[in-house]
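Participant: A single structure is presented below for examination.
No value in this document is a laboratory result; all are computed from the given coordinates. In this text, all values refer to a predicted model and were calculated from it rather than measured experimentally. Here the Cβ positions follow ideal geometry from the backbone for every residue, glycine too, while neighbour counts run over all protein chains shown.
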Amino acid sequence: MSLGYAPNGKRRRPKVYGKTKTEVRQKLRDLKKEVQSGVKAPANYTVTDAVNDWLERGLKGRDEKGTIGKNRSMANKHLIPFIGKAKLKDLSADEVDDWLDNRAEFLGTRSLRDLLAILRRSIEHTQRRDKAARNVALLVTAPEGRPGRPSKALNLKEAEAVLAAARPSRLYAYLVLSLLSGVRTEEARPLTWDHVFLETEDGVPPHVAVWRSVRKHGETKTRKSRRTIALPRQVVEVLQEHKRWQERASKEIEWSPTGRVFTTRTGEPLDAANVRRDFKAIVSKAGLRPEWTPRELRHSFVSLLSDHGIPLDRIAQLIGHTSQATTEAVYRKQLRPVITEGAEAMDEIFAQRREVTAGEA
């Protein structure tokens with residue numbers, strides 16, 4: 001059988017091998033079908049080859065540390081070590097089913113679905129390059145996995161304990177902003193001072209413009225997440241103190257001129273892993289179990305407001321879950337429609353708590 005000529009002029013003459021004539025004839029028939037369908041599946045092309053090719057070529061323009069990094073990590077841990085050596089042309093739906101059932105003992109349902117999606121998209125990418133005839137992963141459904149850890153919310157007493165434990169930490173201002181304003185951790189890390197306004201001007205209260213995140217090109221999670229919110233007094237005071245500390249530090253040591261609100265001790269951008277590590281140490285110091293994560297400060301914000309009687313539709317607006325078209329068209333120098341309910345409620349919540357504590361003392 002001839003498959004034409006290679007770019008170097010050499011004729012393509014594929015060969016098949018088998019222990020019997022019957023096996024060789026069957027392989028030749030399969031090869032002819034592939035040729036007729038236009039698919040040229042390499043004999044030794046494995047699942048690992050397909051996944052790596054998709055990660056390198058199929059995700060162009062995606063965030064290297066975000067989307068690509070997450071998929072690469074999952075593939076390297078839970079896909080390649082188990083079915084990576086299988087030849088893609090011989091991979092069966094039963095093998096994919098068995099692999100997912102095995103991983104279901106260790107992963108949650110959402111992770112299993114993400115894992116199956118990686119395999120499906122890898123094979124689809126291979127099909128577009130005429131290296132695979134069919135996608136067996138489309139014939140499989142992800143099983144139910146281990147129950148995931150439900151998100152939790154700090155109550156008022158726990159929230160105050162965490163903030164008290166964080167007071168000497170470089171994350172203190174970061175945690176105060178996240179807990180008392182509902183800003184996502186991915187929105188707080190890239191926040192710059194030119195989007196933070198700590199003075200009342202023309203009747204507009206202190207506020208923060210949540211317009212960027214750590215995602216590629218600085219885009220927020222959704223269009224609805226781009227919003228401008230007022231800051232509680234406690235947040236304003238803490239950020240003012242934090243800004244003065246930064247100004248002193250920048251004069252004493254070499255400082256990276258990023259303009260970030262939250263940085264390392266040398267002015268470099270904060271890393272998510274370092275934030276999680278430091279936060280675990282803080283909650284342990286506060287007397288809580290170290291399983292809490294920074295993203296649960298946002299859940300705590302919602303819970304505290306709900307307990308205080310704030311309607312859910314207003315809470316959703318504060319955290320960027322409803323349409324906020326007016327904030328999307330506003331620029332830094334212009335007057336903003338500032339959402340004040342969250343700041344006012346947080347001032348009342350923590351003021352009431354301070355009065356009770358003072359009375360007990």
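Participant: First select every other residue whose beta carbon is under 11 angstrom from the beta carbon of residue 112; then total the charges, Lys and Arg +1, Asp and Glu -1.
Facilitator: Residues near residue 112 contribute 0 overall.
Participant: Moving on to the next point. Full-extension gain between residue 92 and residue 70, please, as 0.36 nm times their residue separation minus the C-alpha to C-alpha distance.
Facilitator: 5.3 nm
Participant: By per-residue mean of other Cβ atoms within 10 Å, what is the highest-first order of 15-22, 138-145?
Facilitator: 138-145, 15-22
Participant: While we're looking at this one, here's another question. With N residues in the range 39-139, what two-decimal value do you get for its Cα radius of gyration over 2.2 N^0.38 Å?
Facilitator: 1.01
Participant: Let me ask something additional. Compute the signed sum of charges (Lys and Arg +1, Asp and Glu -1) over the other residues within less than 14 Å, Cβ to Cβ, of residue 249.
Facilitator: Summing Lys/Arg as +1 and Asp/Glu as -1 gives +2.
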